[in-house]
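Readers should treat all values here as calculations from the given coordinates under stated rules, not as data from a laboratory. What you see is a predicted model; the values in this text were computed from it and never measured. We place every Cβ from the backbone using ideal geometry, glycine too, and count neighbours over all the protein chains shown.
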Amino acid sequence: MAKRVGKRTIKFDRPASVLASAAVVGEKEGSGPLGQFFDVVSQDSRFGQKSWELAESEMQKQAIALAAEKAGMALSGLDCILAGDLLNQCIGSSLASVDAHVPYLGLYGACSTMAQGLALGAALIDGGTVRKAAAAASSHFCSAERQYRFPLAYGGQRPPTAQWTATAAGAAVLADCGGDIRVTHAVFGEMVDMGVKDANNMGSAMAPSACDTLEHLFEDTGTKPTDYDRILTGDLAAVGADLLVTLLRRDGIDVTPVYSDCGSLLYGEEQDTHAGGSGCGCSAAVICGHILRELRQGALRRVVFAGTGALMSPTSLQQGQSIAGVCHAVVLERSN
């Protein structure tokens, strides 16, 4: 059974294997630096649906189905689906899985949702509760914009600190055996609230929670950043990533030799996303489309994926509440 290592880290005695993964993205994301790694790049931002919200559900539905297919199994072979998105009541994810006829667990961790799903799925498998589970997350630029900010036709000005919500979805199939990639450790994050109230500066709101979670992982496991091939956050983007590096250096930790952020990797500078990418689908697509592929091919052997989320809602923002950040982390290792 899983055991606690140090204060907050969970070490899995029976690590879940990642059998397969898939990523589905929109045209802008497919035109970025990682475009070649995605399974589906759609030129239709509505994905054949009548609304942005249904388009997001379709993306996630396709990602889960593709991951299951690549794992050589039908959806009915899953014991559960753990999924989430940015929409109210996670309606994008519930609609994506309603026809799967598989037990569904809706998650909300904002941009940390994919890491949260991988950690929870691994814990369920380690405990023997399930044998196979899918973890998935999605976001859509257009659905998020009209929920959190303004209608697209408004044409509001975005400050340099703003991030671009990715039109993307990612899914991974976890199992109790098989596969060369395993989820060996997890850290569930605490909420950290530093009083940031600017929804256009989410990187600053999330960076302290990423610092907290990563420091606990290093201390609990007795490791240092260079013991890992890559340490990825998702999604702090340029502003938050710089702040995280500064906070860790303050405490004597230098992650720069191995550090990247999914929000900074997804788009190129010429794509004018300001600080970089965000949204549940951003890190989900980068991890499921790019990083797991690199692990599978042996280019990477040990990776920390620290998903970061800004825990806000339109209601809390309108009432002047500050934005708390949370960061859940998993360690992904290639076994041979």
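General observations
- Each peptide in 10-23, 203-216, 308-321 gets a packing score, the mean of other Cβ atoms within 10 Å over its residues, and the list from highest to lowest is 203-216, 10-23, 308-321.
- Highest average first, the peptides 39-48, 77-86, 245-254 ordered by how many other beta carbon atoms sit within 10 Å of their residues are 77-86, 39-48, 245-254.
- Taking every C-alpha pair closer than 8 Å and separated by at least 6 residues, the mean separation divided by the residue count of region 266-336 gives a relative contact order of 30 percent.
- Between region 161-218 and region 256-289, the C-alpha centres lie 12 angstrom from each other.
- When the Cα gyration tensor is reduced to axis lengths a ≥ b ≥ c, the ratio a/c is 1.5 or higher for region 188-322, and with a/b not above b/c it is classed as oblate.
- The Cβ shell under 12 Å around Thr129 holds other residues with a net charge of 0, Lys and Arg each +1, Asp and Glu each -1.
- Rounded to whole Hz, the Karplus (6.51, -1.76, 1.60) HN-Hα couplings of region 207-218, x for glycine and proline: 4, x, 5, 5, 4, 4, 5, 5, 5, 5, 4, 4
- Relative contact order %, the chain, counting alpha carbon pairs below 8 Å whose residues are six or more apart: 25 percent
- Computed [θ] at 222 nm, helices only, for the chain once each DSSP H run of length n ≥ 4 contributes -39500 (n - 2.57): -9500 deg cm²/dmol
- Positive contributions from Lys and Arg (+1) and negative ones from Asp and Glu (-1), summed over other residues with Cβ under 11 Å from the Cβ of Val24, come out at -3.
- Within the chain, percent of DSSP bridges classed antiparallel, to nearest 5: 65 percent
- Projection of the Cα convex hull of the chain, averaged over all directions and equal to a quarter of that hull's surface, yields 15.4 nm².
- Total formal charge among the other residues, if their Cβ is under 13 angstrom from that of Gly92, Lys/Arg +1 and Asp/Glu -1: -3
- Coarse-grained scattering of region 292-336 at q = 0.16, 0.31 Å⁻¹, given as base-10 log I(q)/I(0) from a Debye sum over alpha-carbon atoms: -0.57, -1.01
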